[in-house]
1. Could you tell me whether ALA106 is farther than 19 Å from PRO57 by Cα, part of a loop (DSSP other than H, G, I, E, B) and in contact with a strand residue (DSSP E or B) (Cβ under 6 Å, 6 or more places away or on another chain)?
2. In the list THR147, THR114, THR88, which residue meets the criterion of being closer than 20 Å to ALA62 by Cα, modelled with pLDDT of 95 or more and of a type outside the set (A, V, I, L, M)?
3. Say we look at segment 134-156 and pick out the residues that are of a type outside the set (D, E, K, R) and without any contact (Cβ under 8 Å) to a residue 24 or more places away in the chain; which of these is most open to solvent (accessible area, probe 1.4 Å)?
4. Looking at segment 99-122, which of its residues are farther than 15 Å from ALA50 by Cβ, surrounded by 12 or more Cβ atoms within 10 Å (Cβ to Cβ) and not hydrophobic (A, V, I, L, M, F, W, C)?
5. Specify the residue that is nearest to ALA40 (Cα to Cα); the eligible residues are those in segment 59-90 that are more than 17 Å from the chain's Cα centre (by Cα) and among the aliphatic types (A, V, I, L, M).
6. Testing ALA42 on (1) open to solvent by less than 30 Å² (accessible area, probe 1.4 Å); (2) in a loop (DSSP other than H, G, I, E, B), one condition comes back false. Which one is that?
7. Does any residue in segment 48-59 that is small (Gly, Ala, Ser) come within less than 7 Å, Cβ to Cβ, of a residue that is outside any loop (DSSP other than H, G, I, E, B) six or more places away or on a different chain, and which pairs are these?
8. Hey, can you tell me all the residues within segment 49-98 that are polar (S, T, N, Q), part of a helix (DSSP H, G or I) and open to solvent by less than 20 Å² (accessible area, probe 1.4 Å)?
Amino acid sequence: MATFGMSTRLSRLGAASVLTAAAVAVPALLPATAAHADAATASAKALSVAASKKGSPYQYGAAGPNRFDCSGLTLYSFNKAGKKLPRTTGAQYNSTKHIAASSRQAGDLVFFHTGSSVYHVGIYAGSGKIWHAPKTGTRVRLEKIWTGSVWYGRVR
């Protein structure tokens with residue numbers, strides 16, 4: 001009976017070694033998958049940072065840590081998550097991977113536009129809501145997306 005117990009432990013150790021080897025080898029074999037996982041982790045962290053700034057006052061041109069405009073909040077949040085974004089809403093739109101609304105995920109950027117001109121950005125929180133710094137006289141908040149005139153971008 002003792003032999004069976006030892007044999008079972010060795011089998012588990014062997015299985016653990018195989019799983020460890022796979023965890024190390026698979027990202028190297030599939031770099032796109034590893035990069036996607038890294039981007040997803042950064043997006044989740046950026047979303048958490050933006051949420052932590054709830055109630056911070058809007059200030060045009062501000063990028064934190066206590067006051068924000070819309071692109072300042074996204075810049076600050078992604079910077080804290082280890083990702084670089086340009087300063088302005090338009091430049092942020094141009095630096096992201098554009099995605100369809102059906103592909104959006106929490107942590108993606110939501111760009112509000114009129115025609116081809118982007119004028120506002122927030123971080124998608126899921127369930128049709130964003131974290132954003134709306135305008136002068138308001139504070140960072142979670143709000144339902146109020147228009148269909150939006151584009152989505154994923155930070156790489």
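1. Values: farther than 19 Å from PRO57 by Cα: yes; part of a loop (DSSP other than H, G, I, E, B): yes; in contact with a strand residue (DSSP E or B) (Cβ under 6 Å, 6 or more places away or on another chain): yes.
Criteria met by ALA106.
2. On the way: THR147 fails: closer than 20 Å to ALA62 by Cα; THR114 fails: closer than 20 Å to ALA62 by Cα.
Step by step, each of THR147, THR114, THR88 is checked, and only THR88 is closer than 20 Å to ALA62 by Cα, modelled with pLDDT of 95 or more and of a type outside the set (A, V, I, L, M).
3. Keep residues of segment 134-156 that are of a type outside the set (D, E, K, R), which gives 134, 136-138, 140, 142, 145-153, 155.
Next cut, without any contact (Cβ under 8 Å) to a residue 24 or more places away in the chain only: 146, 148.
Details: TRP146: 127, GLY148: 74 Å².
The residue in question is TRP146.
4. Of everything in segment 99-122, those that are farther than 15 Å from ALA50 by Cβ, surrounded by 12 or more Cβ atoms within 10 Å (Cβ to Cβ) and not hydrophobic (A, V, I, L, M, F, W, C) turn out to be ARG104, HIS113, TYR119.
5. Taking segment 59-90 first, the residues more than 17 Å from the chain's Cα centre (by Cα) are 59-69, 88, 90.
Then keep just the ones that are among the aliphatic types (A, V, I, L, M); that gives 62-63.
Working: ALA62: 26, ALA63: 23 Å.
My answer is ALA63.
6. (2)
7. Here the result reads ALA50/LEU73; ALA50/SER77; ALA50/ILE123; ALA50/TRP131; ALA51/TRP131; GLY55/ARG139; SER56/PHE68; SER56/ARG139, each pair linking segment 48-59 to a residue that is outside any loop (DSSP other than H, G, I, E, B).
8. Within segment 49-98, the first condition is being polar (S, T, N, Q), and the residues that meet it are 52, 56, 59, 66, 71, 74, 77, 79, 88-89, 92, 94-96.
Next, only the ones that are part of a helix (DSSP H, G or I) stay: 52, 71, 74, 77, 79, 89, 92, 94-95.
Once the filter is applied, which keeps residues that are polar (S, T, N, Q), part of a helix (DSSP H, G or I) and open to solvent by less than 20 Å² (accessible area, probe 1.4 Å), segment 49-98 yields SER71, THR74, SER77, THR89, GLN92.
The values are calculated or read from the model by the stated rules, or taken from the named source; none is laboratory data. These figures come from a predicted structure and were not determined experimentally. Backbone-built Cβ (ideal geometry, glycine too); neighbour counts: all protein chains shown. Note: accessible area is taken over every heavy atom of the protein model, side chains too, but ligands, DNA and RNA are not part of it. Shrake-Rupley method; radii C 1.70, N 1.55, O 1.52, S 1.80 Å.
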